[in-house]
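Q: Once you've had a glance at the structure underneath, I'll fire off some questions.
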Amino acid sequence: MNNSNKIYDLVVIGAGSGGVRAARISASYGAKVAVIEEDRPGGTCVLRGCIPKKLMVYASEFNKQMSDAKKYGWKIDECSHDWDLLNKSLKEELDRLAGIYDNILKNSGCTIIKGVANFISPTRVKVNDNVIEGKKILIATGGHPWTPDISGVKEHAITSNEALKLPKLPKNISILGSGYIAIEFAFIFRGFGSNVNLIYRSDLPLRGFDNEIRGCLEKELLNKGVKIYPKTKIKKVSKNSKLEIELDDGRILSSDELLVATGRKANTDNLKLENIGVEISHDRSILVNENSRTNIETVFAIGDVTDRINLTPVALGEGHAFADREFGNKKRFFEYDNVPCAVFSQPPISSVGLTEEEAVNQGINCEIYTSNFKPLKNTISGNTERSFIKLIVRKEDNVVIGAHMIGSDAPEIMQSIAIAVKAKLKKSDFDLTVGIHPSAAEEFVTMRSQRD
Ligand code: NDP
């Protein structure tokens, strides 16, 4: 279709979670919307992130579940894993989801344009020699894995993009970093039986999370047999028959793969933002105000490309609020406080609100309640995995300002706790709530004594 002479109310660049939500809701208010995407619709979350990763978490957990089943009387004589079949199943599911995203856009009346967009004016972008014009343009191009400049890394390392579709399971894998992605993949590959080295520069993994949770995570990594290399950097990487990874203390690790998970950067390089003077930060993410508007009146940005909180539900919320404000005549803003999150380690971690360290740094006088326990299921199975939960309560008014958990089902439990924290409920409200017995979740309403 020739779009040269059409003027859209909204042109969205990027059909990931945030872009699709903004396009669909804007169209539902009657806006004429075009969505430009170079790949299939779906974006990082559906095609290269959350969804395939979580499916791989499930796949890798069966190993532990089968061993847990034995003391419950199950006889499992033969057990092996078919990597090709897993890859096939993942591909089929991702194809299905990309199709659903495609349909969502089409059914909501949006025009999908395939290609790479770059700006030629504040209301016009060029895509494959076609000029697309929009009264407003929303950038929702997401981000990509970033790798540090270490000798041999660019040539020999993989990122999360490749880790989600390796042609065969690596016998040995080294992972650089200890953020969300590094931790999740360390447990995934260990679950499948790979030997895993986790190399990170801090003293504890998962910087930014509550320190006690980080300590428990370190124990679980060791418990599962992940070899950890804290306070360590990679000096260089070379390849003989295997990868040789030289550490800054002189040790050399031999691995089939090196996964580098050292953060992500905004996808702004192909947009030619300089043509219209859109302001970007030192790390090339797009600067926006509370309306998600850039310094250019007609140009907006949401999601990871703005590097605010890089989580799918945040991009969805920003996209929805943008559509409500710009086309639905509702002054609705996304709220960035108390955004819950989860790391799909094994066991998983989930949090909402302040960590103890953040509360102390803000000068808040707190009461801390903790519970460290062996889940009932693990009593018979002999599985040594434990659970730990923590509530941070502001002393002045008894309001719960932080909740943290590592343990089975932590994200499922934390979603409901997040409602209580968002609603600024008090510890006394938690105490009045009757527990569901026997469950791990009941610990959140039965903790009575403060930590020493
Ligand atoms: P993170 O920012 O979470 O972690 C980056 C890691 O890389 C940290 O351990 C950091 O160390 C380390 N690092 C950074 N630079 C260097 C360097 N030059 N040399 C050595 N180590 C370095 O990034 P991820 O890539 O893990 O994930 C990107 C984002 O994607 C996350 O922040 C999150 O927003 C999102 N995500 C969310 C998931 C979820 O919700 N479950 C899952 C996956 C991703 P240090 O801590 O010392 O700075």
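Q: Expressed in nm to one decimal, what extension gain is obtained for the pair Y58 and N87 from 0.36 nm per residue of sequence separation less their Cα-Cα distance?
A: 9.1 nm
Q: Can you give me the distance in nm between label points at K6 and I120, each placed 7 Å from the Cα along the Cα-to-Cβ direction?
A: Computed distance between label sites K6 and I120 equals 1.7 nm.
Q: Can you give the local net charge around N195? Use residues other than it whose beta-carbon is closer than 9 angstrom to its beta-carbon, Lys and Arg +1, Asp and Glu -1. Can you show the working numbers first?
A: Values: positive: K171, R190, K227; negative: none.
Combined, the nearby Lys, Arg, Asp and Glu give +3.
Q: For an R0 of 30 angstrom, estimate the FRET efficiency from the Cβ-Cβ distance between S80 and R251 and round to the nearest 0.05.
A: 0.35
Q: Got the relative contact order for segment 81-155 handy, in percent, Cα pairs under 8 Å and 6 or more residues apart?
A: Relative contact order of segment 81-155: 12 percent.
Q: Residues of the chain: accessible area per residue at 1.4 Å, in Å²?
A: Ligands and nucleic acids excluded, the result is 48 Å² per residue.
Q: Still on this model: How far apart, in nm, are two points set 7 Å out from the Cα along the Cα-to-Cβ line at D452 and at D269?
A: 5.4
Q: Once the convex hull of the alpha carbons of the chain is built, what does its volume come to per residue, in cubic angstrom?
A: Value for the chain: 177 Å³ per residue.
Q: How many percent of the alpha carbon pairs in segment 4-43 exceed a separation of 16 Å?
A: 30
Q: Could you tell me the relative contact order of the chain? Use alpha-carbon pairs under 8 Å, at least six residues apart, and round to a whole percent.
A: Computed over the chain, the figure is 16 percent.
Q: Let me ask another. Count neighbours as other Cβ atoms within 10 Å of each site's Cβ, and list the chymotrypsin sites (Phe, Trp or Tyr not before Pro) in segment 296-343 that are DSSP loop with at most 15 such neighbours.
A: Sites meeting the loop and neighbour criteria: F333, Y336.
Q: With each label point set 7 Å from Cα along the Cα-Cβ vector, what nm distance links Q65 and N398?
A: 4.2
Q: Using a 4.7 Å Cβ cut-off, which Cys residues in the chain lack a partner cysteine?
A: Lone cysteines by the Cβ rule: C79, C110, C216, C341, C366.
Q: Can you give the % of DSSP beta bridges in the chain that are antiparallel, to the nearest 5?
A: 60
Q: Between the helical axis of 180-191 and the dominant principal axis of the chain, each derived from Cα atoms, what acute angle in degrees is found, rounded to the nearest 10?
A: 50
Q: Further, regarding this structure: Give the cross-link partners of K265 among the lysines, using a straight C-alpha distance below 26 Å as the criterion and excluding same-chain residues fewer than 8 apart.
A: K53, K54, K91, K114, K126, K136, K154, K165, K231, K233, K235, K236
Q: While we're looking at this one, here's another question. Which shape class applies to segment 293-452: rounded if a/c is under 1.5, otherwise prolate when a/b exceeds b/c and oblate if not, where a ≥ b ≥ c are the square roots of the Cα gyration tensor eigenvalues?
A: Working: a/c = 2.38, a/b = 1.77, b/c = 1.35.
Here segment 293-452 falls in the prolate category.
Q: Within a Cβ distance under 13 Å of A440, other residues only, what is the Lys/Arg minus Asp/Glu net charge?
A: -2
Q: Right, next: Using the Karplus curve 6.51 cos²θ - 1.76 cosθ + 1.60 with θ = phi - 60°, work out ³J(HN,Hα) for each residue of segment 236-243 in order, rounded to whole Hz, and write x for Gly and Pro.
A: With coefficients 6.51, -1.76 and 1.60, one gets 7, 10, 9, 10, 10, 6, 10, 6 Hz.
The values are calculated or read from the model by the stated rules, or taken from the named source; none is laboratory data. Computed from a predicted structure; not experimentally measured. Glycine also receives a Cβ, built like all others from the backbone with ideal geometry; neighbour counts cover every protein chain displayed. Areas reflect the complete protein model, heavy atoms only, side chains present, ligands, DNA and RNA absent. Shrake-Rupley method; radii C 1.70, N 1.55, O 1.52, S 1.80 Å.
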